[in-house]
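The values are calculated or read from the model by the stated rules, or taken from the named source; none is laboratory data. This structure is a prediction, so every number in the text was calculated from the model and none was measured. When we count neighbours, we look across all protein chains shown, and the Cβ atoms used for this are built from the backbone with ideal geometry, even at glycine. Surface accessibility is based on the protein's heavy atoms, side chains included, excluding ligands, DNA and RNA. Shrake-Rupley method; radii C 1.70, N 1.55, O 1.52, S 1.80 Å.
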Amino acid sequence: MRYERSSALFAQAKRVIPGGVNSPVRAFKAVGGTPIFIQEAKGAYLFDEDGNQYIDFISSWGPLILGHGYQPVVQAVQDQAEKGTSYGIPTELETKIAELAITMAPNIDKIRFVNSGTEACMSAVRLARGFTDREKIIKFSGCYHGHSDAFLIQAGSGAVTFGSPNSPGVTQGTAKDTLLATYNNVDSVAQLFKANPDEIAAIIIEPVAGNMGCIPPEPGFLESLRYLCDQNGAVLIFDEVMTGFRLAAGGAQQLLGVDADIVTYGKVIGGGLPVGAFAARDEIMDVLAPVGPVYQAGTLSGNPLAMASGLAMLTALHEQQEVFHRLADKTAYLHQGIEDILAKSRIDYQINRFGSMISLHFTDTPVKDFASAAKGDNQTFKKYFHGMLKRGVYLPPSAFESYFLNDATSYKDLDTTLEAFSETLKEL
Ligand SMILES: *Cc1c(COP(=O)(O)O)cnc(C)c1O
């Protein structure tokens, strides 16, 4: 494949945008080489500026769960654009998507819309602090909750990939209020509660981790967190920015049968436009302004274009809930195919999968927390990534990301992907 135009566009972008990108993982730093620039996407495929075609396994990092250019979403956005792109005044659309989200997700009475997953998580923590009148929070090493200061304390994803877990610019004052626990390790959490009595406002967690590869919770882990929160008067926040409206209509809460107090959403909920949200029962949400004292706002929050897109997406998912099973089945097929090929090789590997989230790690030890995820061999990952790319398969350009399948991907596409995988393996 030729990447001449992408290379030229990247060079041009680097002159005016730091690193040429607006989000670090896009720059291919973890895998080397030049990022491809996209001209267009349709269904399961990406088309770059040099005319190359790829099967897309990131789906805009999740939002395009039904594939690119899903017609009802496109139509909804076009129709709304004709009527105005933003008012800063309430619309019925906001109530409609709120009602639908509350119908689909268990255990929430009210929802507030924001513009990104970062904003959702940042606001959820403020709300939890306001509700409990406490300051400290517990997060898990390797979990990612967006780039707000309180979370850039050894965060996963981008920050991990670049080996700078603590970002400069985050103050010591902020860092001291974020306590770090180990994923799938209840004792690490219990110890923090013991060492900080009556000080912990909330635990925030990805109920199925997706930002250190895919790491499912071990049986009983989330239930134990629920118990510890209840015992200690803390709020349990499920960050469902990735899992929400992907694993099931009701997200991880529904699938795993554990109730959170506050839930955050992003990615799928906007159908490809910038939307985040946080939700909880009335008692908690009514602490938020303008009802209560905890301030939170946004000029473009509940933007009509974004709400039209999100509403069309959630409506489609609500009406065709078999899509969640279909996606999980496709992902299981990919899993089995990769497993069959790797089992015959001499390469060390772990495949983690939960529903339609999957990741491949080049290590011989089970991946169940950040430390075990970090053991993966990145040299092998780089070769694997580029081997797949040149054969027309676009994977996440970092070993710490899970793949996001979309429903436009056919079994034929998956077979093509597995053939590419077989060929790539010969080069590893
Ligand atoms: C993507 C992600 C975020 C951040 O969302 P943005 O829209 O990128 O700000 C937060 N939490 C999780 C679990 C995510 O996967």
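Every residue, every condition in (1) within 22 Å of residue 214 (Cβ to Cβ); (2) touching a strand residue (DSSP E or B) at 6+ places or on another chain (Cβ under 7 Å), yes or no:
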residue	(1), (2)
236	yes, yes
240	yes, yes
243	yes, no
251	yes, yes
263	yes, yes
275	no, yes
285	no, yes
290	no, no
304	no, no
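If you go through the range 253-270 and pick out every residue that is outside any strand (DSSP E or B) and surrounded by 23 or more Cβ atoms within 10 Å (Cβ to Cβ), you end up with 8. Determine the pairs where a residue that is surrounded by 24 or more Cβ atoms within 10 Å (Cβ to Cβ), located within the range 117-136, has a partner that is among the charged types (D, E, K, R) and part of a helix (DSSP H, G or I) with Cβ atoms under 8 Å apart, the partner being 6 or more residues away or on another chain. From the range 117-136, the pairs are 117/267. Within the range 1-46, restricting attention to residues that are within 16 Å of the ligand (Cβ to nearest atom) and over 24 Å from residue 409 (Cα atoms), the residue that is most open to solvent (accessible area, probe 1.4 Å) is 22.
If I ask for residues that are within 23 Å of residue 278 (Cα to Cα), under 18 Å from the mean Cα position of the chain (by Cα) and part of a loop (DSSP other than H, G, I, E, B), which ones from the range 213-238 would you list? Within the range 213-238, 214, 216, 217 meet the criteria.
Looking only at residues of the range 369-428 that are basic (Lys, Arg) and without any contact (Cβ under 8 Å) to a residue 12 or more places away in the chain, we find that the one that is surrounded by the most Cβ atoms within 10 Å (Cβ to Cβ) is 412.
Just so you know, in the range 133-147 the residues that are farther than 9 Å from residue 370 by Cα and in contact with a strand residue (DSSP E or B) (Cβ under 6 Å, 6 or more places away or on another chain) include one that is nearest to the ligand (Cβ to nearest atom), and it is 145.
Checking 243, 315 one by one, the residue that is of a type in the set (S, T, N, Q) and within 15 Å of the ligand (Cβ to nearest atom) is 243 and no other. Just to be sure, is residue 228 within 16 Å of the ligand (Cβ to nearest atom), more than 20 Å from residue 150 (Cα to Cα) and either buried (at least 20 other Cβ atoms within 10 Å of the Cβ) or outside the structural domain of residue 351 (by TED's automatic domain parsing) (or both)? In short, no. Among helices (runs of 4 or more DSSP H) entirely within the range 1-115, having at least 1 residues that are among the hydroxyl-bearing types (Ser, Thr, Tyr) singles out 4-16, 92-104.
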